[in-house]
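Taking it in order: structure first as structure tokens, then the write-up.
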Amino acid sequence: MRVLLFCDEFYHPGDVAIGGVAPLKDKRFEFDIIKKGQDFDPKTLTNYSVVLMAKCPDISPEKMGGNWKTPEVQQAFVEYIENGGGMLVVHNGTVAGDVSGENTEVIDKLIGCRFKWHPNDCPVTVEPIKPHPVTKNVESFCEVDEHYYLEILADDIDIVMASYAPQQGSSKKYAEEPYFNVPAKLCTSGYVRTQGKGRICVLASGHHLDVWLNPNFQQVLENALNWCGFADV
């Protein structure tokens, strides 16, 4: 299966996603990589079964800000999905173009959510909560991660995974504002939805390479790529 991977930005180096998908090359996946948003030609989308979005709207690591997800690019993703394409969105792929989300409203609604906030890195437990092709053979796992709180924008999401982080603030590590004494939190960690003929899966975890390489997260990635690419196994 041919996958187009978007990755690399200041807070989320591309080496994480690239290293995270490396083991999947033995599972019938071929990855083409785009690091700089301005290098993307929307006309190439039809060459791929699935897009793996692990990049926020920042142009590149050297150019924070800007928005490579222009209105034209966003509309291209919508048409790609509605015509039968697949999109797997991981972690920072949920980050909007600005605080209001106005600059990326079209693609945020397509994805079905946007990143809202996260406390400091902490132990995050991810748990499959219902049977689905994306959660097949996946067990609960825990890794130190950014615990993403998502603003859900679509009313048709099917939540398949949840995440839990314990109370923060009991150690000096978490004493800086605004993260001090963050309460325990249960969040949506994975969901699926469809639009037109296409499929979308969102996974909130994935800030660190250790998360991507966790055997259970590897299984989720493999399952999600297959499901989004209509190659269910």
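Could you list, in their original order, any pairs among Lys35/Lys109; Lys27/Lys116; Lys36/Lys136; Lys69/Lys130; Lys55/Lys197 whose Cα atoms are separated by more than 27 Å? Over 27 Å apart, Cα to Cα: Lys27/Lys116; Lys36/Lys136; Lys69/Lys130. Ordering Tyr191, Tyr149, Tyr48, Tyr11 by the number of other Cβ atoms within 10 Å of each residue's own Cβ, fewest first, gives Tyr11, Tyr149, Tyr48, Tyr191. With a Förster radius of 22 Å applied to the beta-carbon distance between Lys130 and Ala154, the computed FRET efficiency rounds to 0.80. Using all pairs of distinct alpha-carbon atoms, the Kirkwood hydrodynamic radius of the range 90-220 works out to 15.3 angstrom. With the Kirkwood sum run over all distinct C-alpha pairs, the range 1-114 has a hydrodynamic radius of 14.1 Å.
Other residues whose C-beta falls under 15 angstrom from the C-beta of Lys25 contribute a net charge of -1, scoring Lys and Arg +1 and Asp and Glu -1.
Computed on the Cα trace of the range 17-64, the radius of gyration divided by the Kirkwood hydrodynamic radius gives Rg/Rh = 0.98.
In this rough spin-label picture, where each label sits 7 Å from Cα along the Cβ direction, the Glu30-Phe230 distance is 1.9 nm.
Dividing the summed helix terms, -39500 (n - 2.57) for each DSSP H run of n ≥ 4, by the number of residues in the chain produces a 222 nm estimate of -5500 deg cm²/dmol to the nearest 500. Note on Lys43/Asn137: beta-carbon distance plugged into 1/(1 + (r/R0)^6) with R0 of 35 Å gives a FRET efficiency of 0.45.
Packing around the peptides 24-33, 113-122, taken as the average count of other Cβ atoms within 10 Å per residue, puts them in this order, highest first: 113-122, 24-33.
In terms of surrounding Cβ atoms within a 10 Å radius of their Cβ, Ser100, Ser205 rank from fewest to most as Ser100, Ser205.
The H on the amide N of Gln168, modeled in the peptide plane, is under 5 Å from the matching H of Val182, Ala184, each at least 5 residues off or on a different chain.
As a ratio to 2.2 N^0.38 Å, the alpha-carbon radius of gyration computed for the chain takes the value 0.95. Per-residue extension of 0.36 nm, minus the Cα-Cα distance of Arg2 and Val106, leaves a gain of 34.9 nm for this segment.
Laboratory data are not the source of any read-out in this text; all were calculated from the coordinates shown. What you see is a predicted model, and the numbers here were worked out from it, not measured in a lab. Every residue, glycine as well, gets a Cβ built from its backbone with ideal geometry; the counts of neighbours run over all protein chains shown.
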